[in-house]
Structure formats: structure tokens, C-alpha cells
Amino acid sequence: MRVTIADVAREAGVSKTTVSRVINTKGEVDRGTAARVRAVIARLGYVPSSGAVGLARGSSHTIGMLVPALSWPWMGEVLQGVVDTVEAAGYGLLLFTCNRGPESVEHFVTQVSARAFDGLLVVEPENTLDTIIGLHRKGLPVVLIDDRGSRPEGFPSVVTTNHEGGASAARHLLAGGRGRPLVITGPAHFGCVRDRLRGFREVLPTDLVVVGDFTELSGRLAVEKLINGKVRFDSVFAHNDISAAGALRALRAAGRKVPDDVAVVGFDDIPLARHTEPPLTTVRQPTQQMGETAARLLLGHLAGTPSGAAGMPSGAAGTLSGPDGPVVLPTEIIVRESAP
């Protein structure tokens, strides 16, 4: 059952008016009382309804965004797309990371309960999906970005064509005469990883698959393992550009020429891809557009605009499946010297 303001008031030993004042930061409330009310709000997971808060204090005109960490290679481009869109609509952005694990999540939930923002954009941190689902069911508008294939029913989301991206990498290698590829994946429980691998194998079957973790080290170790084991391969498809850079480093250290001996393809097209040695052929994700589109979806929901009309940036190509998404944005192969 939904937690009500009466539940909070009863648990905190105060009136509903006092709880309302704490939530809406209106009126004088003793500091100790306010702290007790906030603690109860956080413990019960109370989320005020948008309508009630709107009547009490109007919209905050702020969007929240929850991300794992700002160190993710493509996070800056996603954020740029979000910021450009929310600022153009006259909204502010409140950013939360999960660098401190459960402590970060607890702080975030407190801010949700205090209604510091009107809706939430999420690049899902590990072990937070249940919390996000709970907040959404209690009335918080949520849009997921890059949902890892775990989008709960009813959640709008913005994703990219991971299956087609993997297939396009395979087609490019096959057209270049490569028939013995090594695939370095990300963590196997990510939906995007499964989609990229399946798309690749449907075009270019291979039994050379090493599960990595999207780090430079995992790409380097995967290649070193096969070279040391004298396993023959003529190409590498890495599931992100960072691990592809590690593969390039290991090949160079082993005296293998790229692309003459081994061709290498990455995924993402982060700025690093243009500066590896040699520059990296990769599958481009439209990361800035993903941030822009997710922000438009959320702002459209807050304004009462249907998802299909609000979700797509002007002139963008993509597919909106159903009233709540996902919005699917296309990948494309970017050819550089590592796999011409």
C-alpha cells in the first residue's frame, strides 16, 4: 500500500501540517523535529504525489539524474545531451552518483522524499533497480537511459541498437576477409552485452569469446591469453573502446601488426577511439542524442505530452515502441585504420 502523509505524521509524532511544512520547506519547523520527519520519510519511502506538491509549492522545475559514476567513458556526452535539453526548457539538473554505494543511495532517496526534483533520469547503477522501481510505483516519473536489457514494464527508456551494432561489426570484418574473430565482451549479465554478442555471432559465428569487464586491462589480458596459448585469430571485436585499446596494446607488445595481422573493432566511439595507435574502427553509440532524447521524454511526461511527440529530437531517426518506449536510436560503424 502507498505510504501517506498521515503515516509519516503518525510515525514521527507530529501533525500532517508539520510534515507538509518540512516537505515543502514552508513555515517554521524546529530543526530537530524537521530532522525526525525527514528520517521517517526516508525510512518509510514516502513520495509526495506530484499533484499535492504542485498545489503546495508548484513545480521545482528541476530534473534529477542518477548515474553510477562520472568516470564512465561516455557519461560526459550523455550528460551534455541532458543538460542542453533541460536548460533549454528552463529546468535545472540535480545530479546524483553512487560512488559511495548504499550511503549514496540513501542520500538520493532522501532527496526524492523531499521532492527536490520533479522527475528522474537514470543510468542504472548496480543494485539500485529495486529502489528505482519502488520510487516509480509511488509516483516518481522515471526514464531509463541504456537500460541494459532490464527495463521493467511501464518504464520509458532510451536504448541503442546493440544487436545491429554487433552485426555491423561482424559484417565489416567479414567483408575485410576476416574469418577467425576473438570477441571480448563486457559483463555477461548486461543485456547490451548479450545483444551485441548475439548480433555478431549471427553474422560471423565464433567460439573465441572472452568475458571482460569493459576495462583496458580485460582487453589486454584477453589478447595476451590467446597469444600465449598459441590460439589463432585474425580479428578482435571488443564490446567497448576501452577494452579495444587494451587489445591494441597487447597486440603491439606481441609484435602483431594492426590491421595487417589482426583487425580490431570497438564499440561506443568515445574520443579515445580517434587517438589510439592506429585509430580505432568502432560502432558509434549516439550517446549525446540518448541523453537529449531521454530528457525530452521526461519533460514531455511532466508537461502531459504523449511520449511519441516528446521523445524524439528534431530530425532524429529512431523508433518508439509503445506509449512508454523504449525509444531505440541507431548505431553506425565508423571505419578507421584499425580495421579498414
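The values are calculated or read from the model by the stated rules, or taken from the named source; none is laboratory data. These figures come from a predicted structure and were not determined experimentally. Every residue, glycine among them, receives a Cβ derived from its backbone with ideal geometry; neighbour counts consider all protein chains shown. Side chains are part of the model used for accessible areas, which takes the heavy atoms of the whole protein and leaves out ligands, DNA and RNA. Shrake-Rupley method; radii C 1.70, N 1.55, O 1.52, S 1.80 Å.
Before moving on, here are some points about what is shown:
- Among the residues of segment 248-272, the one identified as open to solvent by 60 Å² or more (accessible area, probe 1.4 Å), under 29 Å from the mean Cα position of the chain (by Cα) and aliphatic (A, V, I, L, M) is Leu272.
- The lone exception for Thr185 - which of (1) touching a His at 6+ places or on another chain (Cβ under 6 Å); (2) modelled with pLDDT under 95 it fails: (2)
- Residue pairs meeting the criteria (Cβ under 8 Å; at least 6 apart or on separate chains; first assigned to a strand (DSSP E or B) and at pLDDT 95 or above, in segment 263-291; second open to solvent by 30 Å² or more (accessible area, probe 1.4 Å) and among the basic types (Lys, Arg)): Ala263/Arg178; Asp268/Arg284; Thr281/Arg336; Thr282/Arg336
- Test: residue in segment 221-239 that is within 15 Å of Pro187 (Cβ to Cβ), open to solvent by less than 10 Å² (accessible area, probe 1.4 Å), assigned to a loop (DSSP other than H, G, I, E, B) and modelled with pLDDT of 95 or more: yes
- Close pairs (8 angstrom Cβ cut-off, 6 or more residues apart or separate chains): under 16 Å from Ala295 (Cα atoms) and at pLDDT 80 or above in segment 132-155, open to solvent by less than 10 Å² (accessible area, probe 1.4 Å) and of a type in the set (Phe, Trp, Tyr) anywhere: Val142/Phe155; Val143/Phe155; Leu144/Phe155
- Flag for Ala89 being closer than 30 Å to Ser243 by Cβ and surrounded by fewer than 22 Cβ atoms within 10 Å (Cβ to Cβ): no
- Residue within segment 186-208 that is farther than 24 Å from Ile334 by Cα, over 20 Å from the mean Cα position of the chain (by Cα), open to solvent by 10 Å² or more (accessible area, probe 1.4 Å) and not polar (S, T, N, Q) present: yes
- Any hit, segment 169-181, residues being in a helix (DSSP H, G or I), open to solvent by less than 10 Å² (accessible area, probe 1.4 Å), under 29 Å from Pro205 (Cα atoms) and in contact with a helix residue (DSSP H, G or I) (Cβ under 8 Å, 6 or more places away or on another chain): yes
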